[in-house]
Amino acid sequence: MIPALFTSLKNYNRHQFTSDLMAGVIVGIVALPLAIAFGIASGVTPEKGIITAIVAGLLISVFGGSKVQIGGPTGAFIVIIAGIIQQYGMQGLTIATLMAGGFLILFGLLHLGTIIKYIPYPIIVGFTSGIAVTIFTTQIKDLLGMSIAEVPSDFIEKWICYARNMAAVDWWSAGVGIVSVCVIALTPRLTKKIPGSLVAIVLMTVVALLLKNYAGVTTIETIGDRFSISSQLPGAQVPELSWMTVKSLVAPALTIAVLGAIESLLSATVADGVIGDHHNSNTELVAQGIANLATPLFGGIPATGAIARTMTNINNGGKTPVAGIVHAVVLLLIFLFLMPLAQYIPMACLAGVLVMVSYGMCGWRSFLSIMKNPKSDVTVLLITFFLTIIFDLTVAIEVGLICACLLFMRRMAETSDVKIISQEIDPSKEDSDFQMGNLEHLTIPNGVEVYEINGPYYFGVGNRFEEIMGALHKKRPKVRIIRMRKVPFVDSTGIHNLTNLCLMSQKEGIQIVLSGVNPQVNAVLQKAGFNQLVGEENICSHINIALERAKELI
């Protein structure tokens, strides 16, 4: 697992450095308002958001498996971070992030990068849309400048609280927030080089200062009114660990790790499609783990690959991880020399930035397109979406995955069936398994029953034989032939079912004969000792051999 930086530097030249330098400077400027907004929305101070972008952005670029991935704090973590801080405090968040970093490194070392990509798309869209709605909901207070002492944490109670306190709206702050949203939305129509969030922050900060100094408007709350701004780099601090704390934070840490893995790999995959490259998913997971081990030591919050900043990097000419390193250096310089200016940024403007972030996250087009898909996909989507909003992301992912797995098993069970072949077998309807040269219809002798399994023989099909045989009310046969030519694999439940069927049949004086067993399935049956139970001579390679064996037995 060699980081992309090392391979990229082999043929590195001046032209690539110029492109990376320009892209890194622009991405660093774009990342500044987002880092501040994500930090505040997560329940920590603005500088912690920037520190996360600096440390994580640097480490993800140095050790990552993608050439253009930009790492840092993202909107997806806002809800999780706020919940952890509310329940366990800042130290709990630090420990959970450290644990998540360890999990991510473990995911990478165990080569789980490709497996994580197979999380069902409806779950991803469901929790992403749910997070977007939750972020939007949390920003209403600041967007409208509402003077509410304490906003409930519950989603429904939040909206009830907003409805009851509409009289508390500060219209100057609301104007700043709404204009910020409009500026961010309209800026891309004028220029794609300068991010709308930066334009809105600069413009609204100037407007707020002018209103305060020349119009006497003092009700527009700024970052400085709520936080004390510091531009000093914090020293590394290791939190005190106890077994009880670690045990209680396993679930939140796993949620951070899984969400970080999903988001970073999705971002890297999208980037691959744009630049025509292939990232190393396991190396990327290790880099994400290293970043999340380091950032909390400096007071940072969880980080992952950020798709918006990654696309900004690509669109502005970023070629290698050097652009990501430059972006981190630019943020560091801004933090050291310009951070005190952040105190003048209106909170309503930052809320406007996050409202647009939530709109970009919601993926309403994907949501609506999945609603046209099969009912099972719609069910998983809606369950994950509403659980994310009403409860939390951990519950949503867990229940969503369980539902997706159950529905998948149901679909698999529907693709496998057991059927009865009566009287004769038509060779014109057979496939290459029928290759013994006899093209005449094969007649099934009296006293013989032929069953055929189509599809994998696993726990979803385990009881079909008993159901089918229980529905048959006729004279007991002397031989039961089970055709398994279309069985690609068999699991332990299938073996258990076959064993029970064989034992039950032996008690009734009925012999089981298997037909068309492929080498892989036969190896599994041999390992389980089934061949000794049924007899090697009763496991046949073709149906006509099995019928000949049945004639011998009767």
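Within the group THR128, THR94, which residue is in contact with a Pro (Cβ under 6 Å, 6 or more places away or on another chain) and either under 30 Å from LEU382 (Cα atoms) or not basic (Lys, Arg) (or both)? Please lay out each step first, then the result.
Details: THR128 fails: in contact with a Pro (Cβ under 6 Å, 6 or more places away or on another chain).
It is THR94.
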May I ask you to list pairs of residues, at least six apart or on different chains, whose Cβ atoms are under 9 Å apart, with the first in segment 280-291 being over 14 Å from ALA100 (Cα atoms) and touching a residue at least 60 places away in the same chain (Cβ under 8 Å) and the second being of a type in the set (D, E, K, R) and surrounded by fewer than 24 Cβ atoms within 10 Å (Cβ to Cβ)? SER281/LYS117
Which residue is farthest from the chain's Cα centre (by Cα), if the candidates are limited to segment 103-125 and must be under 15 Å from ALA303 (Cβ atoms) and open to solvent by 30 Å² or more (accessible area, probe 1.4 Å)? ILE105
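Provide a single number: the residues in segment 1-23 that are part of a helix (DSSP H, G or I) and in contact (Cβ under 8 Å) with a residue 12 or more places away in the chain.
From segment 1-23, those part of a helix (DSSP H, G or I) are 4-8, 14-23; that's our starting set.
If we keep only those that are in contact (Cβ under 8 Å) with a residue 12 or more places away in the chain too, we end up with 4-5, 8, 16-17, 19-23.
Going through segment 1-23 one residue at a time, the tally reaches 10.
Might you let me know whether segment 204-223 holds any residue that is open to solvent by 40 Å² or more (accessible area, probe 1.4 Å), under 15 Å from ALA37 (Cα atoms) and not aliphatic (A, V, I, L, M)? First the steps, then the outcome.
Going residue by residue through segment 204-223, those that are open to solvent by 40 Å² or more (accessible area, probe 1.4 Å) are 206-207, 209-210, 212-216, 218-219, 221.
If we keep only those that are under 15 Å from ALA37 (Cα atoms) too, we end up with 221.
Within this subset, residues satisfying the condition of being not aliphatic (A, V, I, L, M) are 221.
Yes, segment 204-223 has at least one match.
Among ALA323, ALA308, ALA342, which is in contact with a Gly (Cβ under 9 Å, 6 or more places away or on another chain), modelled with pLDDT of 95 or more and of a type in the set (A, V, I, L, M, F, W, C)? Give the derivation first.
On the way: ALA308 fails: modelled with pLDDT of 95 or more; ALA342 fails: modelled with pLDDT of 95 or more.
That would be ALA323, the only listed residue that is in contact with a Gly (Cβ under 9 Å, 6 or more places away or on another chain), modelled with pLDDT of 95 or more and of a type in the set (A, V, I, L, M, F, W, C).
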Quick check: is even one residue across segment 246-265 farther than 21 Å from VAL44 by Cβ, at pLDDT below 95 and among the basic types (Lys, Arg)? yes
Checked segment 176-221 for anything in a loop (DSSP other than H, G, I, E, B) and free of Cβ contacts under 8 Å to residues at least 24 places away in the same chain; matches are THR191, ILE194, ALA215, GLY216, THR218
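Out of segment 10-34, which residues are under 30 Å from LEU106 (Cβ atoms) and either among the hydroxyl-bearing types (Ser, Thr, Tyr) or modelled with pLDDT of 90 or more (or both)?
Taking segment 10-34 first, the residues under 30 Å from LEU106 (Cβ atoms) are 10, 27, 31, 34.
Correct list: VAL27, ALA31, LEU34.
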Taking the conditions exactly as written (over 14 Å from GLY71 (Cβ atoms), open to solvent by less than 50 Å² (accessible area, probe 1.4 Å), of a type outside the set (Val, Ile, Thr) and in contact (Cβ under 8 Å) with a residue 60 or more places away in the chain), does SER231 satisfy them or not? yes
I'd like to check something: does segment 381-388 contain any residue that is surrounded by 22 or more Cβ atoms within 10 Å (Cβ to Cβ), part of a helix (DSSP H, G or I), modelled with pLDDT of 90 or more and over 22 Å from the mean Cα position of the chain (by Cα)? no
Scanning segment 315-345 residue by residue, the ones that are over 16 Å from GLY72 (Cβ atoms), touching a helix residue (DSSP H, G or I) at 6+ places or on another chain (Cβ under 6 Å) and of a type in the set (A, V, I, L, M) total 3
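Condition first: open to solvent by less than 40 Å² (accessible area, probe 1.4 Å), out of contact with any Lys or Arg (no Cβ under 8 Å at 6 or more places or on another chain) and outside any helix (DSSP H, G or I). Now tell me which residues in segment 130-152 satisfy that.
Looking only at segment 130-152, we keep the residues that are open to solvent by less than 40 Å² (accessible area, probe 1.4 Å), and these are 130-132, 134-135, 137, 139-140, 142-146, 148, 152.
From what is left, the residues that are out of contact with any Lys or Arg (no Cβ under 8 Å at 6 or more places or on another chain) are 130-132, 134-135, 139, 142-146.
Across segment 130-152, the qualifying residues are GLN139, LEU144, GLY145, MET146.
Can you pull out every residue in segment 1-46 that is among the charged types (D, E, K, R) and within 31 Å of the chain's Cα centre (by Cα)?
Listed by number, the list holds a single entry, ASP20.
Quick check on ILE85: is it at pLDDT below 95, under 30 Å from GLN237 (Cα atoms) and open to solvent by 10 Å² or more (accessible area, probe 1.4 Å)?
Details: at pLDDT below 95: yes; under 30 Å from GLN237 (Cα atoms): yes; open to solvent by 10 Å² or more (accessible area, probe 1.4 Å): yes.
In short, yes.
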Can you find a residue in segment 155-165 that is surrounded by 12 or more Cβ atoms within 10 Å (Cβ to Cβ), under 25 Å from MET339 (Cα atoms) and in contact (Cβ under 8 Å) with a residue 60 or more places away in the chain? no
Enumerate the pairs (first residue in segment 509-531 and in a loop (DSSP other than H, G, I, E, B); second residue anywhere and among the basic types (Lys, Arg) and open to solvent by less than 50 Å² (accessible area, probe 1.4 Å)) with beta-carbon separation below 9 Å, excluding pairs fewer than 6 apart on the same chain, so at least 6 apart or on different chains. ILE510/ARG480; GLY516/ARG483; GLY516/ARG485; VAL517/ARG485; ASN518/ARG485
Please pick out the residue among LYS48, LYS67 that is out of contact with any strand residue (DSSP E or B) (no Cβ under 8 Å at 6 or more places or on another chain), open to solvent by 40 Å² or more (accessible area, probe 1.4 Å), within 23 Å of GLY108 (Cα to Cα) and not hydrophobic (A, V, I, L, M, F, W, C). LYS67
Only one of LEU501, LEU553 is within 44 Å of the chain's Cα centre (by Cα) and hydrophobic (A, V, I, L, M, F, W, C). Can you tell me which? LEU501
Among what's in segment 32-45 and is touching a Pro at 6+ places or on another chain (Cβ under 9 Å) and in a helix (DSSP H, G or I), pick the residue that is surrounded by the most Cβ atoms within 10 Å (Cβ to Cβ). PHE38
Got a number for residues in segment 478-497 being buried (at least 19 other Cβ atoms within 10 Å of the Cβ) and modelled with pLDDT under 85? 2
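The values are calculated or read from the model by the stated rules, or taken from the named source; none is laboratory data. Please read these numbers as outputs of a predicted model, since none were measured by experiment. For neighbour counting, all protein chains shown are included, and Cβ atoms are generated from backbone atoms with ideal geometry for every residue, glycine included. Heavy atoms of the whole protein, side chains included, go into the accessibility calculation; ligands, DNA and RNA do not. Shrake-Rupley method; radii C 1.70, N 1.55, O 1.52, S 1.80 Å.
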